[in-house]
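Here's the structure, in structure tokens; my notes come after.
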Amino acid sequence: MWDKLVAGWRHAVRCLAMALAALALSWGVTLTEGLVAALVGALAGVFAGEALGRSRLRLPVALGGVTLGLLGLWGLASLGVRHELLPELLGPGNALVFAAVLRFGGTALGLVTALRLVAVRRPSLLALELGVIAAAITSVFAAHRDGVIARPLALSDWAWRNDIDPVHVFLAIGAGSVVLLAVLLVVETRSGRGLSSLLALAALALLSVLFFNVSGLPQPTPSMDLGLTDAGTGGPPRRTPDAGGHGPSPNPGGDGGSGQRPGEDDGGGGPDSGGEDGGGAGLDGGDGGGGGAGQDAGDGGGGAGQDAGDGGGGAGQDAGEGGSSGGDGGDSGLNFPPPELSDGGVGQAPPPQDAGRPPPQDPFDNRDRPPGGAAPMAVVILDDDYSPPSGAYYFRQEVWSLYTGSRLVATNRNDADLDVVDDFPTLPTPAREVPPRTHRTRVRGMVALLVDHTHPFALESAQELSPTPNPNEQRFVRAWRFASLAQSIDYRRLVGRRAGNPTWSADLRGYYTQPPTDPRYRQLAQQVVDRALPQRTRRDPFAQALAIKLYLDRELIYSTRARHATTEDFLWGNRTGYCVHFAHSAVYLWRSLGIPSRISAGYHSDESNRRGGSAILLRSGDAHAWPELYLDGVGWVVLDIAAERNIDPPGHATDEDLQRILGEMARRQPPNPNTPPQDVRGPRPQTHYGRDLGYGLLYTLLAALGLLYAIKLWRRVIPYLASPRSTPRVSYRALLDRLAEAGLVRETGESREDFAKRIAGAVPSFERLTALHVAARLGNPMTAPEERPEYDRSTWSKGRRDVARELGQQPRPWRRLLGLLHPASWLDVH
Amino acid sequence: METDFQQSEHITHTPAPPITDLNGAYGVVQRLRNRLQMAVRGRDEIIEVLIIALLADGHMLLEDYPGSGKTTLAKALGDCIIDDRPDDEIVTFRRIQFTPDLLPSDVTGTTIFDPNTNRFFFRPGPIFAHVVLADEINRTSPKVQSAMLEAMAEKQTTVDNRTRKLDELFFVIATQNPLDLAGTFPLPSAQLDRFLFKVRMKHIDRASELEILASYKARKAGAGQDLPRCTRTELIHARAVIENAVWVAPEIRECLVDFANKTRADPRVLQGTSTRSLVLMIPALQARALTRVRDYVNAEDVAYLAQYIFAHRLELAPGTDNIEAVIRDCINEPMERLARATLKRV
């Protein structure tokens, strides 16, 4: 009955699956004619493969023939586009259609034929066929991962329009495909065993659905950041307001070693006592020892390399102008342009390293991984329209100002860097230090995190962070609101201000201006300032800083591949590096001139990325570190280095759709304006599909498994314990169990004798034992047991040994092992 | 009795030692099997069935084409049997060629007036034999057929209102040609039911046929003639031993009844298996078990005999012609139940 049903349906199901696979693979790649050709080719391939498989042709010959035919069709197709003959004959349009039909139809035909042929000849290779079908269907949805939601757009747009979550659509399609493949598998294997194992598979799949929240949107995995997220192994350098008994020397005049904290070094500085030593160690060790560096350095987007070049070039020119026409005087007289910032061209930074790891050699080291920083990290919604004078938004997460002798790390003072909020707000949390309100504009907004981070971040400079409900529990890990005092004063008007805050203690001022021990910084800085600035502005802190910035813009080369042991190594080496190197260089040079400065780390997004909307999508490639200097009356001012030369490959363009969709989600706007906003319902609870139910199911399954094994063991052991009366029955049953483990099972309606005869080739002694067993049951019960050999226990123990030995000679030992592990093999025995 | 005919038969006046156990009965089987297999090549399965029918006290209907060896087989069977009671009027083997103009008395015998004694005396017909070959039984009129069939069912025949008993070992091998049906009188199902087995003979395989051609001369010269025979009394004893000593388990009987019910419920079958056929099957199963040297009947016996016993007893609905498939389908479930029963606790 089953066989008949299957025989009829098999081909139909197979055709359907193959047609779907062909369509999935060629969708969007070819013309309609090509699609139709692929469809027809796949269908024809099913039958051709079947026919070839049943023919007497040898497999290699048949496969070779299929390959040759495929090559021939391709050749013919290339004739249509590479040579002029066909276009002249048919016209160019028809020639293209001809080529597409030949190419796609031929490929589908050849591929499907080969797969079917192989599957017919070698049934185990059916897996190959099923795998190709599964891969083809999956490929359509491959883009829907790593946080990039809702691909393909054709499908998700339709779903949004009809107010369906596209995830459900995708899940439905996936479930449908699984069912299709399962049906195909059952149908092709033609045995009840396939069905029962599929049931087990379904139970496992259900379990995984219950335990893993698969229905949510895909969570991005950050391929790199600056240690901003929780994902990596290496944590960021922690701020330690009280550094136990090993506080740093507050003395700014101390040497490099004095800034080091012996108890909790940042992993970057390691045990080096000074920059020179660190450099040496770094040189020796190369960059291989970055034990704590869990993050990698993708590239953020050298796509804007051109921009950076332009911007930097312009700036350089202007600076030259300013330098030569130094007599203009006045704040505005200086024709300094706002610092042009490249579009992510300086996006990369290494992770600061973890304290617990063995000290690595390279403080900046980050594991060399392939670039790729498109994974979305967070989305920021700006409530107020704000256009930064620098042309880019800087979201500050943490600050590194403590000089350790080899690099800057988070401070351990409790009076420095108070303008950053450390912890995610549960109540409205004001920053402990707020920059002066003048020259700044208040910008409010909200951040929704896609990946958990260690600290909150906000547009510089944060004034207050406050909690806000997560707008979409499935999508975001947390959200908060921020109010920032963002810089509004133009860079040109910063000239003429004093550096540092007059309210700072001398100690604090010294802390922020603690220069590196290497005297070359001072020499270089002085040299640059002398060369670039006229006498009048030569003492102006901002002019000095800008001159150094422009100098660095010109001199430095951006590359995320570069590794340097120390900043000195970088600055007096090949000058090829990324944002952390740049920022350190700038801060060291500024500090050597006595300008209070530090490094901030966080995210950076070019204003143009907004594309006019209020949502800003921050991607892992936008992680950034930049130098800042303190100007009296303005506070900490971002003065980023934008290298003119970028030797990284271009990065990923902003995904506007994703930015828009995530922004709508963060704002809790329904994608369909016709439906009421979801606010009335409140945030949707995260669905775990009943974890308790899952545990219940798991324990039930485990209990069932244990029970099955117990029964299996019992049936194997009981022949040794049974009474003589039931010895034949239980012994024979134990033998049947063994045979079932080896895959030898009596078929329905088959008599015991026929079964024994059927497997006599493999297990010859079983026939005799079967006769004994049947005689025990169907023989004359009046005969005295002594006269009946079937009740003799030794006969049976010998029989068990014989069967075990004969099964041991079977050619496939792994099959027996599988059978032994199979908990329900005895269920086949009846 | 003409003396020339009697001389061709094997007669003994000294009775063989009686057969009392299954070993002796199996000796009979072996002797029959050896002689028959020597005489008829390539028909081992038919020979098995024939021996089973003989020991189960049934009759056989062979469906075959001319020249397939049925007469040879029947004659060889007659040749196996030694008449140890030569004084009665019953001989070991007779062949009756049925024709449309045959009369019942041609079969059963007739009373003849003897002018010497002025009395009628009964002259036995060919039916008074141990083995009767009824050739082309469907060619004769129903009248003759029914006379024949009475004899088969009752082991007696009635001539001139006087009932005469046939020998206890009365075994009929009837044949009919399934193709040449012109001018025939097909046996009604009630009469078919009298035959324990209906066997459709198939052409023998190439090797056997070659062997027949090769051994033709040797057999003509009388090869295998000196193989041991068995006496009529031995056969009767063997039947009794089989009936008493071969065990039929209740599970087997359940299987038979289940099968019968299955055939009665099957929509492809107009008339299911009769109870009589089940009754007849029991000795057949026992005989089969003996030929396999077993003292109990098992599932294999049932499966083996089902086709031979039930194929001519089931009347199929129009549109169904594959009787073998019907039997196979119907016996599947009872067989499964039987197989499972052997693993159940008693």
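Since every read-out is calculated from the coordinates, none of them should be taken as a lab result. In this text, all values refer to a predicted model and were calculated from it rather than measured experimentally. So basically every Cβ, Gly included, is an ideal-geometry build from the backbone, and we count neighbours across all protein chains shown.
Laid out as a table, the results:
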| item | result |
| --- | --- |
| Among B:218, B:53, B:289: highest mean-square fluctuation, GNM of chain B, C-alpha pairs under 10 Å | B:218 |
| Exposure proxy ranking, count of Cβ atoms within 10 Å, fewest first, for A:505, A:614 | A:505, A:614 |
| Tail fraction, Cα-Cα pairs, chain B, threshold 40 Å, whole percent | 14 |
| Angle between chain B longest axis and helix B:323-341 axis [Cα atoms, degrees, rounded to 10] | 60 |
| Degrees between helix B:232-245 axis and first principal axis of chain B (Cα, 0 to 90, nearest 10) | 20 |
| Expected 222 nm ellipticity per residue - DSSP helices of 4 or more, -39500 (n - 2.57), all of chain B, to 500 | -14500 deg cm²/dmol |
| Inter-chain shielding of A:597-610 (mean C-beta neighbours from other protein chains, 10 Å cut-off) | 0 |
| Length-normalised contact order of chain B in % [C-alpha pairs under 8 Å, at least 6 apart] | 23 |
| Subset of B:70/B:217; B:75/B:202; B:165/B:262; A:757/A:798; A:757/B:262; B:165/B:202 violating a 31 Å alpha-carbon distance limit | B:165/B:262; B:165/B:202 |
| Shielding by other protein chains, B:334-342, mean Cβ within 10 Å | 5 |
| Listed peptides A:639-646, A:122-129, B:309-316 by packing density, highest first (mean Cβ within 10 Å) | A:639-646, B:309-316, A:122-129 |
| Peptide-level mean, for B:292-302, of C-beta atoms on other protein chains within 10 Å | 5 |
| Virtual spin-label span in nm between residue A:163 and residue A:11, 7 Å along Cα→Cβ | 4.7 |
| Anisotropy class of the range B:246-341 from Cα gyration tensor, a/c 1.5 cut | prolate |
| ³J(HN,Hα), Karplus 6.51/-1.76/1.60, whole Hz, each residue of the range B:17-31, x for Gly, Pro | x, x, 8, 10, 9, 5, 5, x, 4, 5, x, 4, 4, 5, 5 |
| Highest-first arrangement of A:731-739, A:621-629, B:30-38, where packing means the average Cβ count within 10 Å | A:621-629, A:731-739, B:30-38 |
| Ranked A:578, A:511, A:588, criterion: other C-beta atoms within 10 Å, fewest first | A:511, A:588, A:578 |
| Ranking of A:504, A:636, A:9 by count of other Cβ atoms within 10 Å, fewest first | A:9, A:504, A:636 |
